[in-house]
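A.B. asks: The structure is given below, and queries will be raised subsequently.
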Amino acid sequence: MSEVRSVTWRHDTVAPHDDSERARRFRSQLGLPHDEPLVLTGHQAEFWHGGVLAKYLAARRTGHQCVHLVVDIDVNDGEAIPYPARDGARHTWRLADPSPMPTGWRPPLVPRSPPDDALDADIDRGMARLAPALRRFETSPSMAMQVASAAWSLACDTLGIADDAILVPASRLATTDLFQEIRERMERDPASCIDAYNRAAAAHPEAGVRAMEADELPLWTIDDDGRRPFEGSSPHPRAIVMSGLLRLAGCEAFIHGLGGERYEQVTASFFESWLGAPLHATAPIVSADLVLGGEADDADVEQAVWRAHHARHDPALLGDAQRAARKRDLVERMRRADGHRARSEVYGEILDLLDTMRREHREALDGFRADVESAMRRRRERLLRIDRTWPFPLHDDASIIDMDAALARIGA
């Protein structure tokens, strides 16, 4: 049974509703309501792990209109479902062939059948839910919106809640007046933009944000040929700009995970330095560790390895009391032997004794080696079970309900 190991929700007050003309126009162009506070969170289009799902559940728990940003301008393996297999390894079920295109430029999936080598029946049942969920959204405009809609609908079904979140593709940002204003400002004075961006990245090295080159802007060109650094046409925002636009005028709070927390420090520094104004929306941090259960205890492995090794040298571990006594006598004789030659002769007798013992007890020794292999297999399975990155549908419903309840207690 799956377990919720930890839940994090570092509160940040939802900002007052931004009713400015800029915010109203920006939100309307994104297809969002502009007459109420919005709490936003987002991720790439995939079946998220529990830590990502926690962000969406927390956004819903704020009591405000929840908006899901589907980052469809990313090139990610939304069709890839990692799962723990019976051989103790991490396998991948590919719902469709991979593609170098951003997920928002890919057509909806026609999912393949799930594999039959999952670690246990519970995971089999979880994977069996994915294809029907995807087929419910087969008329979506893209693979990104299909996968994101299917993932959220499964979460809603599990919790028995209304599917009332608004899903908006990140690619829509490029159609807004605010993005065009930001882009034009970048192109009018690229040096100041790059300088502000690089100073923000340098001020927060823990975020791992790469500095811009002198001829580079924090934008992508995305068209039918794929995604590449900005070439002057078909512009879309990179991550820092995308988040900054939304916190500037698109919502009252943008919930991030632990990784996004580091990025947001760069985002805030860049926009405040470059535009000269603080971002409007707050950035609460939410995460959780949801695992399949078990502990990473290696005691049985250590015991099995010790027994398999020592049994080759200790007849007593094989129940051979006569040879155990004989070996003790030989060891004592070798200890008392005078000179290297005498000790070598006794040592040769010990080796002969052990060689005969190993031949006669080969079956038992093979059993000890098999015990090592079995213990190592159980260890691999335990490590798989405590991995927090499995897609949330592979977990049982009770653990998802527990995680949502934990968020409700923290958010109360």
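A.B. asks: Give just the number: which of (1) in contact with a helix residue (DSSP H, G or I) (Cβ under 9 Å, 6 or more places away or on another chain); (2) charged (D, E, K, R); (3) surrounded by fewer than 18 Cβ atoms within 10 Å (Cβ to Cβ); (4) within 21 Å of Thr158 (Cβ to Cβ) does Asp124 not satisfy?
C.D. replies: (1)
A.B. asks: What are the residue pairs meeting all of these: first residue in the stretch 241-254, first residue assigned to a loop (DSSP other than H, G, I, E, B) and at pLDDT 95 or above, second residue among the aliphatic types (A, V, I, L, M) and surrounded by fewer than 24 Cβ atoms within 10 Å (Cβ to Cβ), Cβ atoms under 6 Å, and 6 or more apart or on different chains?
C.D. replies: Pairs found: Glu252/Val14; Glu252/Ala15.
A.B. asks: For the stretch 270-297: of the residues being surrounded by 14 or more Cβ atoms within 10 Å (Cβ to Cβ) and part of a loop (DSSP other than H, G, I, E, B), which is modelled with the lowest pLDDT? Let's see the steps before the verdict.
C.D. replies: Narrowing the stretch 270-297 to residues surrounded by 14 or more Cβ atoms within 10 Å (Cβ to Cβ): 270-275, 279-294.
Pick out the ones that are also part of a loop (DSSP other than H, G, I, E, B) and you get 279-281, 283-284, 292-294.
On the way: Leu279: 96, His280: 97, Ala281: 97, Ala283: 95, Pro284: 95, Leu292: 94, Gly293: 84, Gly294: 72.
Result: Gly294.
A.B. asks: Please count how many residues of the stretch 370-395 are touching a helix residue (DSSP H, G or I) at 6+ places or on another chain (Cβ under 6 Å) and modelled with pLDDT of 95 or more.
C.D. replies: Here the count works out to 3.
A.B. asks: If you scan the stretch 92-105, which residues turn out to be in a loop (DSSP other than H, G, I, E, B) and surrounded by fewer than 21 Cβ atoms within 10 Å (Cβ to Cβ)? I'd like the intermediate steps shown before the answer.
C.D. replies: At the first step, the residues of the stretch 92-105 found to be in a loop (DSSP other than H, G, I, E, B) are 95-102.
Result: Ala96, Asp97, Pro98, Ser99, Pro100, Met101.
A.B. asks: Report yes if some residue within the stretch 188-208 is assigned to a helix (DSSP H, G or I), modelled with pLDDT of 95 or more and of a type in the set (Lys, Arg); otherwise report no.
C.D. replies: Yes: the stretch 188-208 contains one or more residues that are assigned to a helix (DSSP H, G or I), modelled with pLDDT of 95 or more and of a type in the set (Lys, Arg).
A.B. asks: In the stretch 218-240, what residues are assigned to a loop (DSSP other than H, G, I, E, B) and under 23 Å from the mean Cα position of the chain (by Cα)? Break it down stepwise before answering.
C.D. replies: Taking the stretch 218-240 and keeping what is assigned to a loop (DSSP other than H, G, I, E, B), we get 218, 224-225, 230-234, 238.
Residue satisfying the conditions is Arg238 alone.
A.B. asks: So which of Arg328, Arg335, Arg343 is without any contact (Cβ under 8 Å) to a residue 24 or more places away in the chain, in contact with a helix residue (DSSP H, G or I) (Cβ under 8 Å, 6 or more places away or on another chain) and of a type in the set (Lys, Arg)?
C.D. replies: Matching residue, one of Arg328, Arg335, Arg343: Arg343.
A.B. asks: Here is a check on your reading of the model: is Ala148 assigned to a helix (DSSP H, G or I) and either of a type in the set (Asp, Glu) or surrounded by 22 or more Cβ atoms within 10 Å (Cβ to Cβ) (or both)? Talk me through it step by step, then tell me what you get.
C.D. replies: Values: assigned to a helix (DSSP H, G or I): yes; either of a type in the set (Asp, Glu) or surrounded by 22 or more Cβ atoms within 10 Å (Cβ to Cβ) (or both): yes.
For Ala148, the condition - assigned to a helix (DSSP H, G or I) and either of a type in the set (Asp, Glu) or surrounded by 22 or more Cβ atoms within 10 Å (Cβ to Cβ) (or both) - is met.
A.B. asks: What is the one condition in (1) buried (at least 20 other Cβ atoms within 10 Å of the Cβ); (2) closer than 14 Å to Ile81 by Cα; (3) not small (Gly, Ala, Ser) that Asp117 does not satisfy?
C.D. replies: (1)
A.B. asks: Mind checking which residues of the stretch 32-66 are assigned to a loop (DSSP other than H, G, I, E, B) and under 20 Å from the mean Cα position of the chain (by Cα)?
C.D. replies: Filtering the stretch 32-66 for residues assigned to a loop (DSSP other than H, G, I, E, B) gives 32-37, 45-48, 62-64.
Scanning the stretch 32-66 gives Ala45, Glu46, Phe47, Trp48.
A.B. asks: Given the residues Ser149, Ser171, which is the only one that is polar (S, T, N, Q) and either in contact (Cβ under 8 Å) with a residue 40 or more places away in the chain or over 27 Å from Ile222 (Cβ atoms) (or both)?
C.D. replies: Details: Ser149 fails: either in contact (Cβ under 8 Å) with a residue 40 or more places away in the chain or over 27 Å from Ile222 (Cβ atoms) (or both).
On inspection, the qualifying residue turns out to be Ser171.
A.B. asks: Return the total of residues in the stretch 351-372 being in a helix (DSSP H, G or I) and within 17 Å of His309 (Cβ to Cβ).
C.D. replies: Going through the stretch 351-372 one residue at a time, the tally reaches 15.
A.B. asks: Shifting gears a bit: Return yes or no: is Asp189 free of Cβ contacts under 8 Å to residues at least 24 places away in the same chain, touching a helix residue (DSSP H, G or I) at 6+ places or on another chain (Cβ under 7 Å) and surrounded by fewer than 15 Cβ atoms within 10 Å (Cβ to Cβ)? Don't jump to the end; show me each part of the working.
C.D. replies: Numbers: free of Cβ contacts under 8 Å to residues at least 24 places away in the same chain: yes; touching a helix residue (DSSP H, G or I) at 6+ places or on another chain (Cβ under 7 Å): no; surrounded by fewer than 15 Cβ atoms within 10 Å (Cβ to Cβ): yes.
Against the criterion (free of Cβ contacts under 8 Å to residues at least 24 places away in the same chain, touching a helix residue (DSSP H, G or I) at 6+ places or on another chain (Cβ under 7 Å) and surrounded by fewer than 15 Cβ atoms within 10 Å (Cβ to Cβ)), Asp189 does not qualify.
A.B. asks: With respect to the numbered conditions (1) surrounded by fewer than 13 Cβ atoms within 10 Å (Cβ to Cβ); (2) touching a Ser or Thr at 6+ places or on another chain (Cβ under 9 Å); (3) aliphatic (A, V, I, L, M), which one is the sole condition not fulfilled by Ala200?
C.D. replies: It fails just one condition, (1).
The values are calculated or read from the model by the stated rules, or taken from the named source; none is laboratory data. Computed from a predicted structure; not experimentally measured. With ideal geometry, Cβ positions are generated from the backbone for all residues, glycine too; neighbour counts draw on all protein chains shown.
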